[in-house]
1. Evaluated at 4 °C with a viscosity of 1.567 mPa s, what Stokes-Einstein diffusion coefficient in µm²/s does the stretch 247-373 have when Rh comes from the Kirkwood expression over alpha-carbon pairs?
2. Hey, can you rank 130-137, 250-257 by average C-beta count inside 10 Å, highest first?
3. Where the eigenvalues come from the Cα gyration tensor of the stretch 93-242, what are the semi-axes √(5λ) of the equivalent ellipsoid, largest first, in whole Å?
4. How far is helix 215-241 tilted, in degrees, relative to the longest principal axis of the Cα atoms in the chain, given as a value from 0 to 90 rounded to the nearest 10?
5. I'd like the FRET efficiency for Gln149 and Asn14, computed as 1/(1 + (r/R0)^6) with the beta carbon distance as r and R0 of 25 Å, rounded to 0.05.
6. Just to verify a number: what accessible area does Ser181 come out at with the full protein assembly present, 1.4 Å probe, Å² rounded to tens?
7. How would Phe61, Phe196 line up by accessible area, probe 1.4 Å, largest first?
8. Stokes-Einstein D for the chain at 4 °C, 1.567 mPa s, Kirkwood Rh over Cα pairs, in µm²/s?
Amino acid sequence: MVEGWRLGSLFGINIEINFTWLIIFGLILWTVSAGILPGAAPDASPTELWVIGAITTLLFFASLLLHEVAHSVMANSLGTEVSRITLFVFGGVSQMKNEPDDPMSEFKIAIVGPLTSIVLGGIFLGLYVVMQQLEVPRLYWSAMLWVGQINIALAIFNMIPGFPLDGGRVLRSILWNTWNSLERATRIASSIGRGFGYAMIGLGFIAMLAGALGGLWFVALGWLLSSAAASSYQQLQMRRTLGDVYVHDLMSSPVETIPQDLTLNEAAEEHFMRVHFTAFGVEQNDSIVGLVRMQDLQQVPRDQWDRVTVGEVMQQADSEERTINSDEEAVEAMMEMARNDTGRLLVTDHSGEVIGIISHSDLQRLIRVRGGLNGG
Ligand SMILES: [Zn+2]
């Protein structure tokens, strides 16, 4: 996943926004300021409309954020670590490092999000009623009404019982509890998620054919839901396929290295072109301090390759996102690569020393072989 910009942290959880958030912010600001508010308050000036529109949009995003924070705080209190929340198109994603341990934890973590949205919806709708009673200008209470309604809509949408939406997680926790099988529960809950996704895509297209452009939102949401459902299930299957394999079983060791003070020219000629690896360890004083990949070199313009050193472009080995302990499960390596959008990780031992490299293709090869042995 694309890294976001860090906004700050709340209860020890990093809050990031993805670049797609800006697009969605603009779209919603435009919808509110040019579409919804003018209808509700025809006498408002354009400046008023855009200022109140911006505040309304910010309140909407704050609501989304609180929904995600509620999941994360609950998850952290139940021992499922959430490392960060990323806000992007259609809301937020809380990145949990692992699955909840038991059905009850999953149920609590899932349900608390929609509950938060309902409470927020109630608060904004309450404000709307009070402001209307106090005869505050129509523009202001119309904004409150919209934020209140959208929070209720958010709660309802998220309670669709298709995994990985909150409602789908609630369903999975119930099935998990009933069948005592996480695998079976996930399979059913994510099939339903995919089903809802396809249904939304279908409905969206029908709406668009009928001339309602808003159908496009349904198509986009449906597509996101069905692909998220499919990938959640694949992830679980991967966990099963790679269940008893550890990072040290698959890593390449020892690591081929390049000295850190070599220029990019020298690194390319003496290493990348000679040995056909696409990544090397970076060495300084007999220990490995980082990882350098072909794409790290390619980010520097060619005419600077005789001045820039490997140490300047490498991925630091001390960053948690580039390393994994050799005793971790292989599936953890796979997840970490996906989270950090990288194809390789440095493998460390207990003392933190780099002892190997694990690559995405090593993992995929094993999945193919095992998948073949299991009859597809
Ligand atoms: Zn949620």
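The values are calculated or read from the model by the stated rules, or taken from the named source; none is laboratory data. As the structure is a computational prediction, the values presented were derived from the model and not from experiment. Cβ coordinates were reconstructed from backbone atoms using ideal geometry, including for glycine residues, and neighbour counts include every protein chain displayed. For accessibility, only protein heavy atoms count, side chains too; no ligands or nucleic acids. Shrake-Rupley method; radii C 1.70, N 1.55, O 1.52, S 1.80 Å.
1. 87 µm²/s
2. Those peptides, ordered most packed to least, come out 250-257, 130-137.
3. They are 34, 21, 10 Å, listed from largest to smallest.
4. Its long axis makes an angle of about 40 degrees.
5. Taking R0 as 25 Å, the efficiency between Gln149 and Asn14 is 0.25.
6. Surface accessible to solvent at Ser181 totals approximately 30 Å².
7. Phe196, Phe61
8. The estimated diffusion coefficient comes to 55 µm²/s.
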